[in-house]
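Just below is one structure, and these are the notes that go with it.
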Amino acid sequence: MDEHRGKLIVVSGPSGAGKSTVISKVMERRSDLCFSVSATTRKPREGEVDGVNYFFVTEAEFDRMIGDDELLEHAEYNRDNYGTPRAYVEEKRRAGMHVLLDIEVQGARQVRERVPEAIKIFIIPPSLQVLEQRLRGRGTEDEEQIQRRLARARGEYRESDFYDYVVINDDLETAATELNAIITAELCRYAERKSYLIPEESPFLNF
Ligand code: ADP
Ligand code: 5GP
C-alpha cells in the first residue's frame with residue numbers, strides 16, 4: 001500500500017438526510033479533503049452550478065463516459081444516471097488528498113469491489129418523519145419525486161449493512177463533528193502511522 005496515497009471516503013444515505021450539508025461543514029474544517037463532483041443526467045436544481053454541484057450531462061455524453069471507462073462507478077437513481085469520474089479521484093489521491101464521494105448505495109457497492117480500502121459512511125436522519133420534513137423543506141422536488149425518494153430510503157436502509165460507520169444527522173454540528181472524527185480516526189490507525197515507530201524508517205525517531 002502506498003502510504004502517501006489519500007483515502008477514498010464514500011458517504012451515502014437517503015436523499016434529504018443532509019449529506020451535502022454535513023459534507024460542506026466538514027470541508028470547511030479540513031484542508032486535506034476534496035469533493036468528487038459527479039456526472040449526472042438529472043436537470044440542475046435552482047442554484048446548482050455545473051462543475052460545482054455536478055457535471056450536468058446528456059444521456060449520450062453519460063453513455064460515452066461509460067463506454068470510455070471514465071467512471072469509477074455509476075448507477076441509476078429515480079430515472080436519472082449518476083457516476084463518479086475516475087480521473088479526478090485518482091489524481092487527487094495520488095497527490096495525497098483524501099477524496100469524498102456522495103453516492104447512493106449501488107454505487108457504493110461498486111466502489112467497495114474496486115477499492116476495498118475505501119471508508120464507507122452512511123448518514124441518516126433521526127427518523128423517516130424528519131427525512132420527509134427535510135425533503136419537503138428543501139422544496140426542490142415535486143410530490144412524486146418526494147414519494148419515490150422516501151420509498152428508495154427504506155430500500156437503502158435495508159441494504160446498508162456493508163458500511164463501516166453510521167452518522168446520525170439530528171443536530172448538524174454534532175453530525176459534522178462525527179464525520180470529521182471518523183476521518184481523523186482513520187488517519188490515526190496504527191498502519192497509517194507505522195513509519196513513525198520504526199527507527200530505521202522514521203525521520204522523527206532517533207533511539
Ligand atoms: P442530501 O444531500 O442528503 O440530499 P441536503 O444536504 O440537501 O440532503 O439536506 C436536505 C435538507 O435538510 C436541506 O434543506 C438542509 O438544509 C436540511 N438539513 C440538513 N441537515 C440538517 C439538520 N441537521 N437539521 C435540520 N435541517 C437540516
Ligand atoms: P440528488 O439528485 O439528490 O443530488 O442525488 C440523488 C442520489 O444520487 C443521492 O443519493 C446521491 O448520493 C446519489 N449520487 C450523486 N452522485 C452520484 C454518483 O456519482 N454515483 C452514484 N452512484 N450516486 C450518486
Rounded, prolate or oblate (a/c below 1.5 giving rounded, otherwise prolate when a/b exceeds b/c) for segment 41-123 by Cα gyration tensor: rounded
Spatially close lysines, pair count over the chain: Cα under 20 Å, gap of eight or more or interchain: 9
Helix-only mean residue ellipticity at 222 nm for the chain, each DSSP H run of n ≥ 4 adding -39500 (n - 2.57), per residue, nearest 500: -12500 deg cm²/dmol
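No lab work stands behind these numbers, since they all come straight from the coordinates. Predicted model, so just to flag it, every value in this text is computed and none were measured.
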